[in-house]
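Below is one structure, written out as structure tokens, with a few remarks after it.
The values are calculated or read from the model by the stated rules, or taken from the named source; none is laboratory data. The shown structure was predicted, so the numbers you read here are calculated from the model rather than taken from an experiment. Ideal geometry is used to build each Cβ from the backbone, glycine not excepted, and the neighbour counts take in all protein chains shown.
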């Protein structure tokens, strides 16, 4: 089987809901990261075989095939196609998997995978709310689903609580982990660790003045444990708070994957090789435990153990998810989300997969590490896991 290589990655800094990216159209955010990937690699646009983007809330400004609309807004020629996928929070990680599989199968040589989510313009759950308003039904109203899961609510907040209880993750541990996320993100920002991956955009401050959007807006640089402990739980007698949940976020990200043939023909330098791809389906009610079996499958397929992995990126949809994953698999917490996670940096849904992959690739390079692992929990009880090998 052929190899697939990552040759460049980029992401916008995370924008708070109603923050500096509030006036950016999702297709323009997508076009911006596409143009940046082309600028970084100097690959002629006509050499790009496909653009695959993740997007979760495909309604309004994010419907009508956002990937293709991003291509049309970019410098790429109209000959470049595009398609948009939804695997919930892992959508752009799935886009990366599809891109890698196309290259590994030998059917394509240059593919850009990425994702976009403007949670300011298209709020989370907008499609469901619209369906309720218009009487079009709900995703889980199918007769057979109702028969299998009578009187059950598929709710990610409840799922996060269930994960915390199943793996006995305490409120205290959750608050401490959230604080670590902010401290790591703050340190990474101040040390310039994100400089190689960030695409600086023109944004707007609170007064509407033009400013450089060059850092993640969600980081609380002066976060304290006392402040996190003072927050109310989202559910009565629960463990999860707003502080131990991912932040609503606007953003876009992209990576370019190429074949060995394209590496030589286009004179490209690889950053990492796709080493293993895996998926998992788990209990859709608990919903968020999928990264555990997905990681196990990804490791088993290539004969590695978690100890062989130098860095882990586990999406912090809620703090209970990576902590349960680490507890179950015996992971070294010093390797986990070393530059902060979604509790501090934000979780732009469809863009998160390639956002985290971009961070993982450049941090592996900075540290001189060999293997990196990315895993994301997803609505419906699925998960993606990806292992890369630095070049």
Complete set of residues in the range 64-110 that are touching a helix residue (DSSP H, G or I) at 6+ places or on another chain (Cβ under 8 Å) and over 28 Å from residue 379 (Cα atoms): 72, 73, 74, 75, 76, 77, 78, 79, 80, 108, 109, 110
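Name the helices (runs of 4 or more DSSP H) wholly inside the range 126-210 in which the number of residues that are under 23 Å from residue 231 (Cβ atoms) is 2 or more. Can you show your working first?
Details: elements: 126-134, 143-148, 156-166, 171-190.
The qualifying helices (runs of 4 or more DSSP H) are 156-166, 171-190.
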Here is a list: 67, 31, 95, 102. Which entry is under 22 Å from residue 390 (Cα atoms), outside any loop (DSSP other than H, G, I, E, B), within 21 Å of the chain's Cα centre (by Cα) and without any contact (Cβ under 8 Å) to a residue 60 or more places away in the chain? 102
Which residues, counting only those in the range 350-386, are touching a helix residue (DSSP H, G or I) at 6+ places or on another chain (Cβ under 7 Å), more than 20 Å from residue 310 (Cα to Cα) and crowded, with 24+ Cβ neighbours inside 10 Å? 350, 351, 352, 377, 383
So residue 216 fits all but one of (1) in contact with a helix residue (DSSP H, G or I) (Cβ under 6 Å, 6 or more places away or on another chain); (2) closer than 25 Å to residue 40 by Cβ; (3) surrounded by fewer than 19 Cβ atoms within 10 Å (Cβ to Cβ); what number is the exception? (3)
Do any residues in the range 137-153 that are within 17 Å of residue 283 (Cβ to Cβ) have Cβ atoms under 7 Å from those of residues that are in a loop (DSSP other than H, G, I, E, B) and modelled with pLDDT under 90, where the two are at least six apart or on different chains, and which pairs are they? 140/154
List the residue pairs whose Cβ atoms are under 9 Å apart, where the first residue sits in the range 298-320 and is on the phi < 0 side of the Ramachandran plot and surrounded by 24 or more Cβ atoms within 10 Å (Cβ to Cβ), the second is at pLDDT below 95 and assigned to a helix (DSSP H, G or I), and the two are 6 or more positions apart or on different chains. 317/156; 318/156; 318/157
